[in-house]
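Okay, structure first, notes after.
The values are calculated or read from the model by the stated rules, or taken from the named source; none is laboratory data. A quick note: this is a predicted structure, and the numbers were derived from the prediction, not measured. Here the Cβ positions follow ideal geometry from the backbone for every residue, glycine too, while neighbour counts run over all protein chains shown. Side chains are part of the model used for accessible areas, which takes the heavy atoms of the whole protein and leaves out ligands, DNA and RNA. Shrake-Rupley method; radii C 1.70, N 1.55, O 1.52, S 1.80 Å.
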Amino acid sequence: MNTQEVNQELLSFLDHSPNAFFAVRNMREELEKAGYTRLYEGAAWALSQGRGYYVTRNDSALIAFHIPTEKARGFQIMASHCDSPVFKIKTRAEIEIDQHYVKLNVEKYGGMLCAPWLDRPLSVAGRILVQTEDGIETKLVNVDRDLLIIPNLAIHMNRQVNDGYAFNAQVDMLPLFCEKGEERNQFLQLIAEEAKVKAEDILDTDLFLYNRMKGTTLGLHGEFIASGRLDDLQCAFASLKGFLAAEPKQSIAVHCVYDNEEVGSGTKQGAASTFLKDTLQRIYRTLGYTEEEYQMSLASSFMVSADNAHAVHPNHSDKADPTNRPYMNQGIVIKYSANQKYTTDAVSGAVMRAVCKEAGVPWQTFTNRSDMLGGSTLGNISQGQVALNTVDIGLPQLAMHSPYETAGAKDTAYLIEAARVLFSSSFLGSGDGNYKLLF
Ligand code: CO
């Protein structure tokens, strides 16, 4: 695929993935098309060498794996996340104002930039749980039209607003839904109609706002892309594409996408959960390997924690570290943090460089300024369940956690190629200190 094709597919994936549930559904469809077999955590597994499989948890996290034809020596893993900071619709959502407007009650999910959510068309997507004849069924709902808006207050009513504004989520961020009519519970009624179910059969919902503005390419030469949810669906997309193009030879390739990174990863489908560990152990057990062979395999496994990175900002170039300054279109960003918020150390940094070299793609480095705290990600969190050599990387972007972020047009293709090489390779750790990479 050339860069343009990659970006077209990426932007389409982003447009069709308003939140984690849809991202997982879309990745599932890609995997099905490529001949991967779905497994369920609640059913027995039968695995064959040379085949590919995937399993989901909560419909919002996914692990796909490809078993080589030879006996596996370990796992080559890339982990990313498919949730983004967003506003969640509260249960009992409707608020009436002056018996004239109806607005929706929402709360923050994760740490977003609030301002760019204002004054633009928004809509609602997520899952609903529906009572059926023989149980409770999940349905995905996306109200695929311009539906809501969070209007700014006119400048005449707050003359100081441009000097800085503290957003109050309970006051400033509630979207306008409709004019009040005779009917009540119109929001739930709308959701029921979209899902083609009866409103009284909806038992509960996980519904989120999303920005209706579609992804695009911009810059004089089309060198930038902009879209919602680049963090971290850009990495999840690149990981999947590299995974599907790979040819695992001696290690099991594992494409892992967690939910709930933006709220600390502490859910059953987050990086702190047993999802990855359960899956890796189960693969080994089902293939007839021993517990010791599983332990041995982790010493010969490698994980790339892929979550987007901050590019140097054109208007705030002083916010970047003096010597580690990532730019868009300059390749994969290897992230360092002495206090190990990022897992990268000399071993995993060296391995990642070797992978990039083999893939023929550029890399660059990021650290926070020493006087800035920076963010965190999923790599170090997942070590509590599956401890192995891990590197933290990302693709360089601007405006992280805005509902419309900016990134480089070239970088996704670089990560796809590096992921392909990673998933086709093996990392052998015969003992601490010396490592072999087999490409
Ligand atoms: Co992220």
Exercise. Considering every pair of different Cα atoms, what Kirkwood radius, in Å, is found for region 264-331?
Worked result: 15.8 Å
Exercise. Going out from 0 in 10 Å bins, what whole percent of all Cα-Cα distances in region 54-93 drops into each bin?
Worked result: 19, 35, 26, 12, 7, 2
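When N is the residue count of region 1-71, what does its C-alpha Rg come to as a fraction of 2.2 N^0.38 Å?
1.28
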For this session: Take region 163-263, compute every pairwise Cα distance, and split them into 10 Å bins from 0; I just need the percent in each bin.
Result: 10, 21, 28, 25, 12, 3, 0
Seminar exercise, completed: Rounded to two decimals, the Debye log10 I(q)/I(0) of region 225-271 (Cα scatterers, no solvent) at q = 0.15, 0.18, 0.19 Å⁻¹ is -0.52, -0.70, -0.75
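I'd like to know how region 340-393 sits against the 2.2 N^0.38 Å rule of thumb: what's its Cα Rg over that expected value?
1.24
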Exercise. Quick one: Cα centre-to-centre distance for region 420-439 and region 111-144, in angstrom?
Worked result: 42 Å
For this session: Please express the shape of region 89-239 as an equivalent ellipsoid: the semi-axes are the square roots of 5 times the eigenvalues of the C-alpha gyration tensor, given largest first in whole angstrom.
Result: 29, 24, 13
Exercise. Considering every Cα-Cα pair within region 1-121, what fraction, in whole percent, is farther apart than 19 Å?
Worked result: 66 percent
Exercise. Each residue of region 177-187 in order: what ³J(HN,Hα) in whole Hz does its phi give by Karplus 6.51 cos²θ - 1.76 cosθ + 1.60, θ = phi - 60°, with x for Gly and Pro?
Worked result: 9, 6, 7, 6, x, 6, 7, 10, 6, 5, 5
Problem set entry | Order of exposure, largest accessible area first, which applies to 363, 45 with probe 1.4 Å | 363, 45
For this session: Among the lysines, select those whose C-alpha is under 25 Å from the C-alpha of residue 277, and discard any that sit fewer than 8 residues away in the same chain.
Result: 71, 241, 249, 268, 335, 341, 436
Exercise. Which value results when the Cα radius of gyration for region 106-168 is divided by 2.2 N^0.38 Å?
Worked result: 1.66
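Take the Cα gyration tensor of the chain, multiply each eigenvalue by 5, square-root it, and list the three semi-axes largest first, rounded to whole angstrom.
38, 28, 18
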Problem set entry | Per-residue [θ]222 nm for the chain (sum of -39500 (n - 2.57) over DSSP H runs n ≥ 4, rounded to 500) | -7500 deg cm²/dmol
Problem set entry | Listed peptides 191-197, 395-401, 416-422 by packing density, highest first (mean Cβ within 10 Å) | 416-422, 395-401, 191-197
Seminar exercise, completed: For region 6-22, Karplus-derived ³J(HN,Hα) couplings (6.51, -1.76, 1.60; θ = phi - 60°; whole Hz; x for glycine and proline) come out as 4, 5, 4, 5, 4, 5, 5, 4, 5, 4, 8, 10, x, 7, 4, 4, 6
Seminar exercise, completed: Rounded to the nearest 10 Å², the 1.4 Å probe accessible area of residue 411 is 0 Å²
For this session: Could you pull the Rg and Dmax for region 201-338, using just the Cα atoms, both in Å?
Result: 19.5, 58
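Going by accessible area, probe 1.4 Å, with all protein chains left in place, what is the ranking of 156, 313, 81, 100, largest first? Intermediate values should be presented prior to the final figure.
Details: 156 130, 313 65, 81 0, 100 95 Å².
Result, largest first: 156, 100, 313, 81.
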Problem set entry | Within straight-line cross-link reach of residue 103, lysines at Cα separation under 30 Å, skipping those fewer than 8 residues along the same chain | 88, 90, 139, 180, 196, 198, 214
For this session: Go through region 375-390 residue by residue and turn each phi into a ³J(HN,Hα) via Karplus (6.51, -1.76, 1.60, θ = phi - 60°); whole Hz please, and just put x for glycine and proline.
Result: x, 10, 8, 9, x, 6, 5, 5, 4, x, 9, 10, 9, 7, 4, 9
